[in-house]
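As structure tokens, the structure follows; a few thoughts come after it.
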Amino acid sequence: MGAQEDTALVRRGYEAFTAGDMDTLRELFTEDAVWHIGGTGPLSGDKKGRDAILAYFGELYSRSNGTLKVTLDDVASGDKYTIGVQSGHAERDGKSLDQRIVIVFTIAGGKVTEVLEAPDDTAKASDFWA
């Protein structure tokens, strides 16, 4: 697959995430995919395997009481990585979180194999999700 296909795959993933379409998301990840989350909060660390990644997505919605909204601001693909820049908003326990996050996708054979999630302020994100 080339850059154009990888970009389309990431866009499809964001559309599925926004729609809560877990079946489509499940198709986009390899079974052994890994999602790395920076910071020191309760959601930080590595999510190993497609099921753990989908459970992480569910945890985000659960902790935000369904208020999490993610917008893909831009996506670009190179030879090795596809980069998504997103804006996110969530509310929880009387607090709100508005952040930009860079997501670095590694794609092979038409599926996501690895992801690095890097919020613009890991301390703020950790505090919010705690």
Karplus (6.51, -1.76, 1.60) ³J(HN,Hα), θ = phi - 60°, over segment 59-66, in Hz, Gly and Pro reported as x: 5, 4, 5, 5, 5, 9, 6, x
Residue-span extension gain [residue 61 to residue 22] - 0.36 nm each, minus C-alpha spacing: 12.8 nm
Calculated log₁₀ intensity ratio I(q)/I(0) where the Debye formula runs over C-alpha points of segment 34-130, q = 0.13, 0.23, 0.25 Å⁻¹: -0.44, -1.36, -1.52
Net charge of Cβ neighbours under 9 Å - reference residue 34; Lys, Arg +1; Asp, Glu -1: -1
Least to most buried among 23, 120 (fewest other Cβ within 10 Å first): 23, 120
Order of 121, 93 under a 10 Å beta carbon neighbour criterion, fewest first: 93, 121
Neighbour-count order for 35, 129, fewest beta carbons within 10 angstrom listed first: 129, 35
Summed residue charge, Cβ within 15 Å of residue 24's Cβ, Lys/Arg positive, Asp/Glu negative: +1
Sequence-distant residues sharing a close amide H with residue 29 (under 5 Å, placed H): 112
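Between residue 69 and residue 14, 0.36 nm times their residue separation minus their Cα-Cα distance comes to what?
18.7 nm
Values in this text are rule-based calculations from the coordinates and carry no lab data. What you are looking at is a predicted structure, and each value in this text was computed from that prediction instead of being measured. All Cβ positions, even for glycine, are placed from backbone atoms using ideal geometry, and neighbour counts span all protein chains on display.
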